[in-house]
Amino acid sequence: MTTPSSSPVIRTRGLTRHFTRHKTTVEAVRGLDLEIAQGELVAFLGPNGAGKSTTLRMLTTLLPPTSGTAEVAGYDVVREHRDVRRSIGYVGQGNAAGHAQRGRDELVSQARAFGMTRRRAHERADELIAAFDLTEQAGRPVSTLSGGQRRRLDVAIGLVHTPRILFLDEPSTGLDPQNRVNLQEQITRLHAEQGTTIVLTTHYLEEADTIADRVVVIDHGVVIADDSAARLKSSLGDLVRLGFGTPADATVGAERAGSIPGAVVELDDLEVRLRVAHGRDLAAGLVTDLAWQGTPVERIEVVGPTLDDVFLDLTGRSLRETDESKGAAA
C-alpha cells in the first residue's frame, strides 16, 4: 500500500452547500472541514442523501459552494476551476462514454482532448485497456458492454490523463457482487501501483471496509466520524451474545457481565448481549466464571463490530435500514 505524504492535496474549510426546494432550504453539506494527503484512499460513507455526492461535486468544480472554501491539488475550486479540472479525474454515477462509441475510440478521443498526440493517445488507450482487462471489449460499442465492463471503462476514461487525484462517485452502484469485487480490485491495484490519491463515495459498508485506508462517515451533511475502518470498529468493541436456560440464569449472567469495565449490557429474556472492547478475548473467561457460579451458558456467539454498528452507535439507526427505506421511498 502506498504511504501517503503529509502534504494535503485536498483541503476544505467550512465547506457548505444549500439547496432550495419548494421554498424550503435543504442543507446538503454543512461546514465540512477536511484534509486528504497525497496517496490516501478515502471512502465517504453514508446513506443516500447524506451529502457524499454533493461534496464530491463541489470538490470537482461541478457545483459551487454556498459558503466555505476548498482547494484541490493546490487550486481553489471556484477561482481556479480550470486548473483543478486538469489535475483530477472524475467518474460520476452515470456512464462516461457515448453508447454508440467503441471503447477504444472513446479513450483515444478523451486523450486527444487532453492534448496528447495521436500516437500517444493510442498508446495510452492501449495501456488502460490492458490495465482494466478490456482487451476483448475495446472494439465493441459501449451499449453492448455489461455493467461491470462499462464501469471499468468509466474509470479508465477518468485516468486517461494520469491525474494525481481520482474521484469516484458510487463506482459500484448497480453492479452484481462479482463485478463489484472486480472493480474494487482494480481500484486497489491502481492505488497501490501508481500512488494515485483516490476519493470515493459509497453506501456499501463492505466496500469502504475492504479498500479504504480511511473512512469519513457523513450523515445529514455533517462528518460524524473520520478514521481508519479498523480503528472505528475497535473503538466500539465486540458483541458477545450469551444464551441461558432460564430467565433466572440470564439475570445472573447480565449482572456478572455488567461488572466488566466498559461493558454495555442488555438482557432480553434468555439472552444477554454485551458490547465490550476485546470481547472475543473476555468471552471464554466470562463463560468459565459463570459455570463456576452454577450458571451454565448454553450458547455463546461473538461478533466483531461492523461499520454499520459504528453508524448505529453514532446515530441511533442502521445505515442498511436507512438505505433500504430511502430506496423503497424512491
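For the stretch 202-282, with all protein chains in place and a probe radius of 1.4 Å, 53% of the accessible heavy-atom surface sits on carbon or sulfur. When a 1.4 Å probe is rolled over the protein heavy atoms, the share of accessible surface on the stretch 12-160 that falls to carbon and sulfur comes to 45 percent. With no solvent and one equal point scatterer placed on each C-alpha of the stretch 1-84, evaluate the Debye formula and give log10 I(q)/I(0) for q = 0.14 Å⁻¹, two decimals. Once normalised to I(0) and log-transformed, intensities are -0.49. The residues of the chain expose, per residue, 48 Å² of accessible area to a 1.4 Å probe. What percentages make up the Cα-Cα pair-distance distribution of the stretch 1-144 when the bins are 5 Å wide from 0? Histogram of Cα-Cα distances, whole percents per bin: 2, 9, 13, 16, 15, 15, 14, 10, 5, 1, 0. Normalising the average separation of contacting C-alpha pairs (under 8 angstrom, six or more residues apart) by the number of residues puts the relative contact order of the chain at 18 percent. Scalar couplings 3J(HN,Hα) for the stretch 282-291, obtained by applying the Karplus form with A = 6.51, B = -1.76, C = 1.60 to θ = phi - 60°, are 7, 4, 4, x, 5, 5, 4, 4, 5, 5 Hz; x denotes Gly and Pro.
So what's the Cα pair-distance distribution over the stretch 139-293, bin width 5 Å, in %? Taking every Cα pair in the stretch 139-293, the percentages come to 2, 8, 14, 13, 11, 10, 9, 8, 8, 7, 5, 3, 2, 1, 0. Shown is the FRET efficiency for D313 and R86, computed with R0 = 45 Å from the Cβ-Cβ distance and rounded to the nearest 0.05: 0.60. For the stretch 70-213, averaging the sequence separation of C-alpha pairs within contact (under 8 Å, six or more residues apart) and dividing by the residue count gives a relative contact order of 27 percent. Amide H contacts of D219 (H built 1.01 Å from N, in plane; Pro and chain starts excluded): I224 sit under 5 Å, all sequence-distant by 5 or more or on other chains. Annotation for E206 and R120: the two label points, set 7 Å from Cα along the Cα-Cβ direction, are 4.1 nm apart.
Run the helix sum for the chain: -39,500 (n - 2.57) per DSSP H stretch of 4+ residues, divided by residue count, reported at 222 nm to the nearest 500 deg cm²/dmol.
Mean residue ellipticity at 222 nm (helix-derived): -11500 deg cm²/dmol.
Cα convex hull, the chain: 172 Å³ per residue, rounded to a whole number.
Using Cα centres only, tell me the gap between the stretch 173-198 and the stretch 239-267 in whole Å. Here the two parts' Cα centres lie 42 Å apart. A convex hull fitted to the Cα coordinates of the stretch 228-303 yields 72 cubic angstrom per residue.
Look at the alpha carbon pairs under 8 Å that are at least 6 residues apart: their mean separation over the length of the stretch 197-319 gives a relative contact order of 27 percent. Counted residue by residue at 0.36 nm each, then reduced by the alpha carbon distance between them, the extension gain from T188 to I300 reaches 36.7 nm. Grouping the Cα pair distances of the stretch 100-183 into 10 Å bins from zero gives a pair-distance distribution of 19, 50, 28, 3 percent in increasing distance order. For Y204, the amide hydrogen comes within under 5 Å of no other amide hydrogen, counting only partners 5 or more places away or on other chains and with H modelled in the peptide plane.
Measuring spread by the Cα atoms of the stretch 75-226 yields a radius of gyration and Dmax of 15.7, 48 Å.
Taken about its Cα centre, the chain carries a charge dipole of about 1880 debye when Lys and Arg each add +1 at the Cβ and Asp and Glu each add -1 at the Cβ.
The values are calculated or read from the model by the stated rules, or taken from the named source; none is laboratory data. Quantities reported herein were computed from a predicted structural model and do not represent experimental measurements. Don't worry about glycine lacking a Cβ; one is built from the backbone with ideal geometry, like all the others, and counts go over all protein chains shown. Remember, those area values only see protein heavy atoms, side chains included, never the ligands or the DNA or RNA. Shrake-Rupley method; radii C 1.70, N 1.55, O 1.52, S 1.80 Å.
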